[in-house]
Each structure stands twice: as C-alpha cells, then as structure tokens.
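Everything below concerns the one structure shown next.
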Amino acid sequence: MRTVAAVIRKGEKYYIGECLEIDVITQGETIDATLSNLKEAVALYFESEPPEKLQLLQEPPMLVTIGVD
C-alpha cells in the first residue's frame, strides 16, 4: 500500500482535494465524496506512473494548521 498526504478544503461551490506529494487534484460536493474521488484519482495516478519514477517519502509529512495574529 502506498500512502500520500492530501488536503481537503472548502471551495466556493465544492470541496477540493489535493495531494501534496503527487500531481492529483479533484473535487466533490461533500467531504466524503471528495475523499472518495481523491482515492480513485490517486489509484489511477499510480496505475499510470512507473513505481521507480515516483519519489514518495517513507512517511508522509505532518500537516499542521498554525494561527498567526
């Protein structure tokens, strides 16, 4: 199993899902739909890219939210 980090954020009309380590972005009307679309898009990406071309980290990065005044 491959693991990648992704972010889901609220857009104007839809939620947007974007992977941080590979060029995959998708959208959905709900968070669940966006996550499902993201999983499918990532699986398709891995099917089309040779494993040796992928430079994935052993452990995905930690995503944090920081508030600044």
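Each value in this text was obtained by applying a stated rule to the coordinates, not by laboratory testing. Computed from a predicted model, the values in this text were never measured in an experiment. Cβ atoms come from the backbone with ideal geometry, glycine included; neighbour counts cover every protein chain shown.
For residue 33, put the label point 7 Å out on the Cα→Cβ axis and report which residues of region 4-22 keep their amide N under 20 Å from it.
So the set is 7-19.
Treat each spin label as a single point 7 Å out from the Cα along the C-beta direction, and report the residue 62 to residue 7 distance in nm.
1.8 nm
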